[in-house]
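A short worksheet on the structure shown next.
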Amino acid sequence: MVIGYIAATFGLSSIKGRALARYISGYDLLLHGIEYALLAGLMLWYWSHTEWGSSNFKRAGWVAVIICAMVGGLNELWQTQVPGRFPAVDDAVANVVGAGVATVVYYYGKRGRIRKLES
C-alpha cells in the first residue's frame, strides 16, 4: 500500500504543465503537507503491526519522516524532467512538515493509548 501511494504521488507529479494549478491555487503547500502526512501515517500504521514498529514507535516516527523527506526530495527532482513542472524548496519543506505533524500525532496518540492500558 505504501509503495502504491508513493507511485501515485509520482504519477500526479508527472502531469505536464500547470494543469492542476488552477484547481489547487493557494492550497499547494497545505496539500503537500497533507499528502506527506498521509504517507507517514501509512508507514506508521503498517509498522505498528510489526514487532519493530510497535516496540520502537519513536524510532519508527523518525524513520517515517526521513523516508518522507527522501521521497519528497526525489519527487521534486523528478519534476525537473516533466515539461512545465518545476521543483520548489517550499514544497519539499511542506512535505517534511506534514510528515512531522503526522508523526507527532501518532506518537502522542500511541502514548495515550499505552497509558490507558497501564491504568
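Among Ile66, Ile34, Ile15, which one shows the highest mean-square fluctuation when the chain is modelled as a Gaussian network with alpha-carbon springs under 10 Å?
Ile15
Is any helix in the chain, taking whole DSSP H runs, at least 24 angstrom long along its axis by alpha carbon and on average at least -0.5 on the Kyte-Doolittle scale, and which ones?
Long hydrophobic helices here: 28-48, 57-78, 89-118.
Could you work out the relative contact order of the range 1-105? I mean the mean sequence separation of Cα pairs under 8 Å and 6+ apart, divided by the number of residues, in percent.
42
Computed FRET efficiency, Cβ-Cβ of Tyr27 and Ile3, R0 25 Å: what is it to the nearest 0.05?
After rounding to 0.05, the efficiency reads 0.40.
Starting from the Cα gyration tensor of the range 39-88, take the square roots of the eigenvalues, sort them a ≥ b ≥ c, and report rounded, prolate or oblate (rounded when a/c is under 1.5, otherwise prolate if a/b is larger than b/c, else oblate).
It comes out prolate by the Cα gyration axes.
Run lengths n ≥ 4 of DSSP H only: what is the helix-derived mean residue ellipticity at 222 nm for the chain, with -39500 (n - 2.57) per run over all residues, to the nearest 500?
-26000 deg cm²/dmol
Lys/Arg Cβ at +1, Asp/Glu Cβ at -1, dipole of the range 1-100 taken about the Cα centre: which of Asn75, Val63, Gly98 is farthest positive-ward?
The Cα lying farthest towards the positive end belongs to Asn75.
Which of Asn95, Asn75, Asn56 moves the most in a Gaussian network model of the chain with Cα springs under 10 Å?
Asn56
Just to check, using Stokes-Einstein with a Kirkwood Rh over alpha carbon pairs, what's the diffusion coefficient of the chain at 25 °C and 0.890 mPa s in µm²/s?
163
Throughout, read-outs are computed from the coordinates displayed, never taken from laboratory work. None of these values were measured; they are calculated from a predicted model. Counting neighbours? That spans all protein chains shown, and the Cβs are built from the backbone with ideal geometry, glycine included.
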